[in-house]
Amino acid sequence: MLGRFKKPRRVCITGIGCVTPIGIGRAAFWSALQRGESGVRLIEGFDVSASPVKIAAQVVGFDWEAELNPKDRKHVARTVPLALRAAREALDDARLQTSDLSLAERREIGVVLGTGGGGLAFTEQQYEYWYVGPRHKASVYTIPSSTHGGLSSELSMAFGLRGLSHIVSTGCTSSTDAMAYAAEHIALGRQEVMLAGGVDAPIAPGILAGFNLMTVLTNEWNDEPHRASRPFSQDRSGIVLGEGAWIYVLEELEHAQNRGAQIYAEITGYGATCDAYHRVRLAETGEEPARAMSLALEDAGRVASEVDYVNLHGTSTLLNDRIETQALKLALGEHAGHIPMSATKSQIGHPQGASGAAGLCAALCAMHTNIIPPTINLDQPDPACDLDYVPNHAREKSVRVALCNCIGFGSKNSALVIERMKAEG
């Protein structure tokens with residue numbers, strides 16, 4: 001099975017694209033991150049008058065119809081146009097025009113996306129059409145468009161890519177795991193180029209109601225949405241749902257260099273573990289999230305003292321933030337208190353399976369602008385959360401090595417290490 005495997009090839013990021021609650025496109029997203037903008041607002045897409053939670057981090061000003069052929073618009077989930085827009089930007093950024101490539105070249109480009117909910121919001125809408133009406137609005141493609149696996153195929157078909165086309169769905173760690181899976185295929189020589197990242201769009205009436213039943217969403221900030229997502233703050237009270245797509249072009253290093261591509265970073269480490277503890281809760285010890293981070297650093301050949309920045313999972317729940325802090329102390333030891341860290345979800349809410357891809361984009365922002373995005377709304381630090389979370393205001397700092405942490409439902413933990421090219425010294 002691994003007959004072609006000799007020495008792992010190096011994998012780099014050469015294109016970035018995103019559609020987010022604080023900006024459409026990489027430049028807009030990075031700019032808003034640095035300014036500490038919040039994308040949380042009142043939900044406008046459906047009636048929330050009876051819901052205890054009336055806010056979410058939604059993508060606004062996005063012309064989703066422009067991303068699709070008119071005949072396709074009723075047949076696909078919102079995740080599809082989000083992913084298409086981000087993928088188009090990533091390919092343009094990498095200067096890869098797939099229409100100009102030969103069949104052989106397109107066979108060397110695969111797609112791997114991470115998603116938690118996939119087309120679940122689409123499925124919910126189809127049920128309404130069938131059981132409430134009007135029935136004529138229901139899609140004949142309800143089944144394939146509701147199935148997670150069809151999401152990557154939409155990108156493969158749109159760009160004529162003939163390599164593997166896979167979905168990774170592991171809850172909140174989905175896109176972190178997808179990026180690693182894609183990178184491993186390049187490292188093993190199975191593909192030359194990958195479109196990889198994450199997309200989720202979980203803002204729908206039934207999904208909101210389900211999260212409300214779990215009591216994990218904050219319902220205390222409906223009148224001040226921009227203050228609602230408060231990772232590591234003593235008065236945090238729960239998650240804010242978010243949506244968005246963050247897609248990347250990954251390439252084998254020599255392939256990228258030969259065509260003169262811009263290289264944003266190298267993916268050098270990955271680690272994943274499971275607490276095997278609970279459907280939604282973390283084990284109190286933080287040992288397994290810590291081990292995932294330690295495995296990623298070991299994989300990268302790095303030690304804690306070499307980490308310049310950590311992008312945090314930071315969901316704003318009382319339990320998660322406290323245990324993540326403990327895990328960081330276990331993984332990074334005496335260095336934990338000296339490494340700047342930030343929680344992107346304070347600005348974009350929780351985009352579920354796209355979380356890891358979103359955090360990676362924030363880490364790339366820090367690496368390429370020498371500005372670390374802040375953790376906003378950190379007005380009253382929790383004494384149990386006592387690390388350097390870069391509160392409220394961005395900070396100038398050179399970042400060469402970044403660690404991106406992700407924690408998911410089902411006790412899953414994943415972490416990535418990215419760094420500037422090792423050849424730079």
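The values are calculated or read from the model by the stated rules, or taken from the named source; none is laboratory data. What you are looking at is a predicted structure, and each value in this text was computed from that prediction instead of being measured. Here the Cβ positions follow ideal geometry from the backbone for every residue, glycine too, while neighbour counts run over all protein chains shown.
Assorted remarks:
- Qualifying position, being more than 25 Å from Gln191 (Cβ to Cβ) and out of contact with any Leu (no Cβ under 9 Å at 6 or more places or on another chain), among Ala121, Ala77: Ala121
- The number of residues in the stretch 23-54 being assigned to a loop (DSSP other than H, G, I, E, B) and either at negative phi or not assigned by TED's automatic domain parsing to the domain that holds Val249 (or both) comes to 15.
- One residue alone among Gly356, Gly408 is buried (at least 24 other Cβ atoms within 10 Å of the Cβ) and modelled with pLDDT under 95, and that residue is Gly408.
- Apart from one condition, Arg95 fits all of (1) buried (at least 16 other Cβ atoms within 10 Å of the Cβ); (2) of a type outside the set (A, V, I, L, M); (3) part of a loop (DSSP other than H, G, I, E, B); the exception is (1).
- Considering Thr315, Thr325, the condition of being modelled with pLDDT of 95 or more, more than 24 Å from Arg10 (Cα to Cα) and touching a strand residue (DSSP E or B) at 6+ places or on another chain (Cβ under 8 Å) is satisfied by Thr315 alone.
- For the stretch 234-256, the set of residues classified as part of a helix (DSSP H, G or I) and surrounded by fewer than 16 Cβ atoms within 10 Å (Cβ to Cβ) consists of Glu254 only.
- Residue among Leu68, Leu103, Leu84 that alone is closer than 20 Å to Ala204 by Cβ and over 19 Å from the mean Cα position of the chain (by Cα): Leu68
- When restricted to residues that are within 15 Å of Gly359 (Cβ to Cβ) and part of a loop (DSSP other than H, G, I, E, B), the stretch 383-425 contains 3.
- Taking the stretch 208-227 as the range and being more than 13 Å from Gln58 (Cβ to Cβ) and among the hydrophobic types (A, V, I, L, M, F, W, C) as the test, the residues that pass are Ala209, Phe211, Leu213, Met214, Val216, Leu217, Trp221.
- Criterion violated by Ser31 - all others in (1) touching a Pro at 6+ places or on another chain (Cβ under 7 Å); (2) surrounded by fewer than 23 Cβ atoms within 10 Å (Cβ to Cβ); (3) farther than 25 Å from Ile167 by Cα satisfied: (1)
- In the stretch 44-65, residue farthest from the chain's Cα centre (by Cα) [restricted to those that are among the aliphatic types (A, V, I, L, M) and closer than 27 Å to His393 by Cα]: Ile55
- Index of the failed condition, Ser342 passing every other in (1) part of a loop (DSSP other than H, G, I, E, B); (2) in contact with a strand residue (DSSP E or B) (Cβ under 8 Å, 6 or more places away or on another chain): (1)
- The listed residue being under 30 Å from His185 (Cβ atoms) and assigned by TED's automatic domain parsing to the domain that holds Lys412, out of Ala336, Ala331: Ala331
- Test: Ala336 is assigned to a helix (DSSP H, G or I) and either of a type in the set (A, V, I, L, M) or crowded, with 24+ Cβ neighbours inside 10 Å (or both): yes
- Conditions (1) without any contact (Cβ under 8 Å) to a residue 40 or more places away in the chain; (2) within 19 Å of Leu250 (Cβ to Cβ); number of the one not met by Arg9: (1)
- Leading residue by the ranking (surrounded by the fewest Cβ atoms within 10 Å (Cβ to Cβ)) among those in the stretch 289-312 that are under 19 Å from Leu387 (Cα atoms), touching a strand residue (DSSP E or B) at 6+ places or on another chain (Cβ under 8 Å) and not hydrophobic (A, V, I, L, M, F, W, C): Glu306
- In summary, Arg227 fulfils each of the numbered conditions (1) touching a helix residue (DSSP H, G or I) at 6+ places or on another chain (Cβ under 9 Å); (2) basic (Lys, Arg); (3) farther than 26 Å from Leu84 by Cβ with the single exception of condition (1).
- Taking each residue of the stretch 206-224 that is assigned by TED's automatic domain parsing to the domain that holds Gly238 and looking for partners that are among the polar types (S, T, N, Q) with beta-carbon atoms closer than 7 Å, six or more apart or interchain, yields Leu208/Ser51; Asn212/Ser51; Val216/Thr317; Thr218/Ser237; Thr218/Ser316; Glu220/Ser237.
- Of all residues in the stretch 171-198 being within 19 Å of Ala245 (Cβ to Cβ) and surrounded by fewer than 24 Cβ atoms within 10 Å (Cβ to Cβ), the one that is nearest to the chain's Cα centre (by Cα): Gly171
- Restricting the first member to the stretch 323-337 and to residues that are in contact (Cβ under 8 Å) with a residue 40 or more places away in the chain, and the second to residues that are in a helix (DSSP H, G or I) and among the polar types (S, T, N, Q), the beta-carbon pairs closer than 7 Å and six or more apart or on different chains are Ala331/Ser294.
- Residue check for Gln126: over 18 Å from Gly206 (Cβ atoms) and either in the same structural domain as Val249 (by TED's automatic domain parsing) or polar (S, T, N, Q) (or both): no
- Subset of the stretch 245-270 [small (Gly, Ala, Ser) and under 26 Å from Pro81 (Cβ atoms)]: Ala245
- Look at (1) over 22 Å from the mean Cα position of the chain (by Cα); (2) over 24 Å from Ala209 (Cβ atoms); (3) in a helix (DSSP H, G or I) and you find that Leu161 fails only one, number (3).
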